[in-house]
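A.B. asks: Sending over a structure as structure tokens; questions will come in a sec.
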Amino acid sequence: MYLKTINLRGFKSFKSKSTLTFEPGISVVVGPNGSGKSNIADSISWVLGEQSPKSLRGSSMGDIIFKNRQEEMGIAEVSLIFDNRDRTLDLDFSDVRITRRVYSQGGSDYFINSSPARLMDIQELLADRGIGKGLYTIINQGQINEMAMLKPFERRLIIDEVGGISKHKSRRDRSLAKLGRVKQDIERIEDLLEEIERTMLPLEAEAAKAAKYSEVLNQLKKEEISYYIQELDSLNKNWKKKEDFDKALGQKLEKTRQKLVLHSERLNDYTDHISDKMDEYRFWENMANKLQNEIGRLKNIEELAASKVNMFSTLAAMFDKTHDYPQKKDVSIYQRLKDLRMLVSKYISRVSSLLSQKEIKEDGLQINKRMESLLELFRKEEKEELKKEERKKIEKLLRKGCSNNFSKAKNLLAALKVFKLRADDLNNGVLPHFLERKKEIETEKALIEELGTKVNETKMEKNNIENEVYKNKLDREQIKEKTKDITKYIVDNYNLSIDYMLKNYRPSDDLKRSRTEISRLKKQIKGFGPINPNASIEYKRIKGRYDFLNGQKNDLVQSKQKLEKMIKDMETKIMDAFLDKFEKINKSFNYYFKILFPLGKGELTLLKEDNGELGVDLKADIGNNKFVPLSLLSGGEKALVSIAFLFSIFSTNISPFYVFDEADAALDDINLDRFLSLVVRFAKKQQVILITHQKKTMEIADTIYGVSMQSDGVSKIVSEKISEKYAKID
Ligand code: ATP
Ligand code: MG
């Protein structure tokens, strides 16, 4: 493989399209100062991906586009065409054309065989073949002087680059960056974990406390429910007992009620009976009273009649004694008459008030009438003196009347006696009846009294039973209340149905023990102090997050360990590769140094930089007793040392072509010969393009190109393959 053609257009001083066609072997480019030779080297660097405008001797990428006083190109384009018949490049083309284009407005394009490509594609395609920036394919003008003065770490970087170590290093650096990020992540997670722990650890304790608390609560629940099941059972039994008792009481009450009804009925019967009898009794009593009254009345009448008999007998006797009535006022008779009149009027009033019997009344009235006329007579007598005849008449009349009345009264008395006898008989007939009834009634009354007592006793008995029923009812109410209370307590406290409770819990076998246990558990619960009921959930949530983060941390720690191991492996590999490369380069350096300084000795040594990195020191003894620091070497000497170093690099990292821009500028003839001998040796295998002003250099060229520039500032390729003609020009 070799660089076959360069096409330039608008690149730096190459305004119009210019083409350079190379051959394998040594090509030399010549031309006056400022004609554009170095621009050709720049154009190659540019296509190979040079990004720094400074390396291309500009201040911006726009500076590489052709521009003069008159005009300005809008585009710069350079193509490198490689002969790839040997397929050095990994593309199935005999010619590989790589193009880079840049626009004055900005933006640039790459092409591989006219297909758009990325810079990376181009770098990858070429770097494997030792072509590229940092691989010293192109040695720019003046660079050769700088090479001798490189710092140890810069030399080491060159070895890294040409040894392909850089890409390992950048991989390692990426891994290191990743490791850094992982470490940061771990730190961040550790901070988070620490922060979480601050809340999690107390929560863990709280959760444990809450768990213990709920365990005790559960124990209490179990114990209480067992206790209450047993309680409910005994209440239930008690209830049944009371119910049975109630039934018994009911039966007893019914019996007592029946008894009461029976007694009451009997009492009523007797009471009714006695009331009937009482009427009869009262009838007889009335009758007896009436009779007694009648007897009394008869007695009175009898007394009256007796007094009448008495009076008239007295009167009659009185009339019999007094035959002669005094001429003058006879006081005694008048007095007697006065008394008599009093007696008669008394009699009249008594008879008229007492006598109801017709005959007695009429009789009485007749007597009264007579008595009245008699009294009238007496009144007259008091006023005027009666005549004898008249007196006699009156006396006669009186006597007659008295004896009449006397006998009538005697008859009445006799009649009354008979009547009274009859009344007594009658009375004697009624009274026994009355007394008999009275006795009967009294017996019955005693019976009624006895029955009343019985009824009262039964009533009391009934009351007692009813009281007992009531008390029993109260007891049952109490049992009911207690059962209700227990049920409510269970439902309120544990939210359990009784069915569930009975199904899932066993009754306590020892109520006393249960009570002790319940109070102990309650005391224990009180002793817990404040409980965080959410602690467990909170703890689980936080613990979940903690575990998650911890898992992440572990993953990170694992990948950190992996990375560290990987980095360590890479470091070893890098170090091994570096040392290997270093050894080889050092060997080559010794060799090339000896060629360039036959009396001297050059050596590369490793040293440790202040930052711990390795550096490569260059020790040069150029002979002739000149063992001085590199900085004190002459320009040519420095160039030779650089060349030795460069060639030692080339020898271990072979590029298909090299470009040297006036690497030979500072060399005298002898040293130039030594340099050229090396170039010739190299050119046997690799293409070498030399930009030079040295005639000796031109002499070794297989092909020479001339570059010129006119007053318009435009470079031109004036000749190609002038090697044959070169002699003539010279
Ligand atoms: P020497 O032998 O002195 O090294 P050279 O042949 O290597 O000279 P170059 O450095 O290749 O010369 O070319 C420099 C010339 O290119 C300068 O004259 C400069 O003005 C010109 N040049 C550089 N960039 C541009 C540009 N963008 N447009 C026009 N001309 C440019
Ligand atoms: Mg130059």
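The values are calculated or read from the model by the stated rules, or taken from the named source; none is laboratory data. Since the model is a prediction, treat every value here as computed from it, not as a measurement. Using ideal geometry, Cβ is built from the backbone for each residue, glycine included, and neighbour counts are taken over all protein chains shown. Protein only, heavy atoms only, side chains kept; ligands, DNA and RNA dropped before computing areas. Shrake-Rupley method; radii C 1.70, N 1.55, O 1.52, S 1.80 Å.
A.B. asks: Ignoring ligands, DNA and RNA, how do 114, 307 rank by accessible area with a 1.4 Å probe, largest first?
C.D. replies: The ordering from most to least exposed comes out as 114, 307.
A.B. asks: What is the distance in Å between the Cα centres of segment 174-198 and segment 4-54?
C.D. replies: Each part reduced to its Cα centre gives a spacing of 53 Å.
A.B. asks: In segment 198-258, what percent of the accessible surface is made up of carbon and sulfur (1.4 Å probe, ligands and nucleic acids excluded)?
C.D. replies: Here it works out to 52 percent.
A.B. asks: Can you tell me which of 3-15, 291-303 comes out highest on packing, and rank the rest after it, using the mean Cβ neighbours within 10 Å?
C.D. replies: Peptide ranking by packing, descending: 3-15, 291-303.
A.B. asks: Go through segment 115-129 residue by residue and turn each phi into a ³J(HN,Hα) via Karplus (6.51, -1.76, 1.60, θ = phi - 60°); whole Hz please, and just put x for glycine and proline.
C.D. replies: 8, x, 9, 9, 3, 4, 4, 5, 4, 5, 4, 8, 4, 4, 9
A.B. asks: Here's another thing I want to ask about it. Less than 11 Å Cβ to Cβ from residue 617, Lys/Arg counted +1 and Asp/Glu -1: what total charge do the surrounding residues give?
C.D. replies: Cβ neighbours under 11 Å give a net charge of +3.
A.B. asks: Express the relative contact order of the chain as a whole percentage, based on alpha carbon pairs under 8 Å and six or more residues apart in sequence.
C.D. replies: Taking the mean separation of contacting Cα pairs over the length of the chain, I get 28 percent.
A.B. asks: For the cross-link pairs 169/553; 169/608; 255/488, which exceed 29 Å when the distance is taken from alpha carbon to alpha carbon?
C.D. replies: In this structure, 255/488 lie more than 29 Å apart at Cα.
A.B. asks: OK, next. Can you send over the carbon and sulfur percentage of the accessible area for segment 486-553, probe radius 1.4 Å, protein chains only?
C.D. replies: Ligands and nucleic acids excluded, carbon and sulfur reach 53 percent.
A.B. asks: May I ask for the Kirkwood hydrodynamic radius of the chain, worked out over all distinct Cα pairs and given in angstroms to one decimal?
C.D. replies: It is 43.8 Å.
A.B. asks: I need the peptides 407-415, 546-554, 33-41 ranked by packing, meaning the mean over residues of other C-beta atoms within 10 angstrom, with the highest value on top.
C.D. replies: Ranking, from highest mean packing down: 33-41, 407-415, 546-554.
A.B. asks: Using modelled backbone amide H atoms (1.01 Å from N, in-plane), which distant-in-sequence or interchain residues come within less than 5 Å of residue 75's amide H?
C.D. replies: The answer is 104.
A.B. asks: Once amide H atoms are built 1.01 Å from N in the peptide plane, which residues 5 or more positions from residue 660, or in another chain, come under 5 Å H to H?
C.D. replies: For residue 660, the qualifying residues are 139, 689, 690, 691.
A.B. asks: Averaged per residue, what accessible area in Å² does the chain show with a 1.4 Å probe, protein chains only?
C.D. replies: 58 Å²
A.B. asks: Moving to a separate point now. Under a 5 Å amide H to amide H cut-off, with H placed in plane at 1.01 Å, what residues pair with residue 719 once short-range neighbours are removed?
C.D. replies: 706
A.B. asks: Do you know the relative contact order of segment 499-643, to the nearest whole percent, from alpha carbon pairs under 8 angstrom that are 6+ apart?
C.D. replies: 11 percent
A.B. asks: Of the cross-linked pairs 12/54; 212/522; 237/473; 471/503, which ones have a Cα-Cα span greater than 22 Å in the structure shown?
C.D. replies: Violating the 22 Å Cα-Cα cut-off are 471/503.
A.B. asks: When ranked by the protection proxy of mean other Cβ atoms within 10 Å per residue, highest first, what sequence do the peptides 521-530, 699-708, 461-470 form?
C.D. replies: Listed from highest to lowest mean packing, they are 699-708, 461-470, 521-530.
A.B. asks: Also, I was wondering about something else. Suppose only helical runs count, i.e. DSSP H with n ≥ 4. What mean residue ellipticity at 222 nm does that imply for the chain under -39500 (n - 2.57) per run, divided by all residues and rounded to the nearest 500 deg cm²/dmol?
C.D. replies: It comes out at -24000 deg cm²/dmol, rounded to the nearest 500.
A.B. asks: Continuing with the same structure: Using θ = phi - 60° and the Karplus form 6.51 cos²θ - 1.76 cosθ + 1.60, what ³J(HN,Hα) does each residue of segment 421-430 get, whole Hz, x for Gly and Pro?
C.D. replies: My calculation for segment 421-430 gives 4, 4, 4, 4, 4, 4, 4, 5, x, 7 Hz in order.
A.B. asks: Counting only other residues whose beta carbon sits under 12 Å from that of residue 76, what net charge do I get with K and R as +1, D and E as -1?
C.D. replies: Charge balance in the 12 Å sphere: +2.
A.B. asks: Report the charge-dipole magnitude of segment 575-730 in Debye, nearest 20, computed about the Cα centre from +1 at each Lys and Arg Cβ and -1 at each Asp and Glu Cβ.
C.D. replies: 480 debye
A.B. asks: Something else now. Sum up the charges of everything whose Cβ sits under 11 Å from the Cβ of residue 508, counting Lys and Arg as +1 and Asp and Glu as -1, but leave residue 508 out.
C.D. replies: -2
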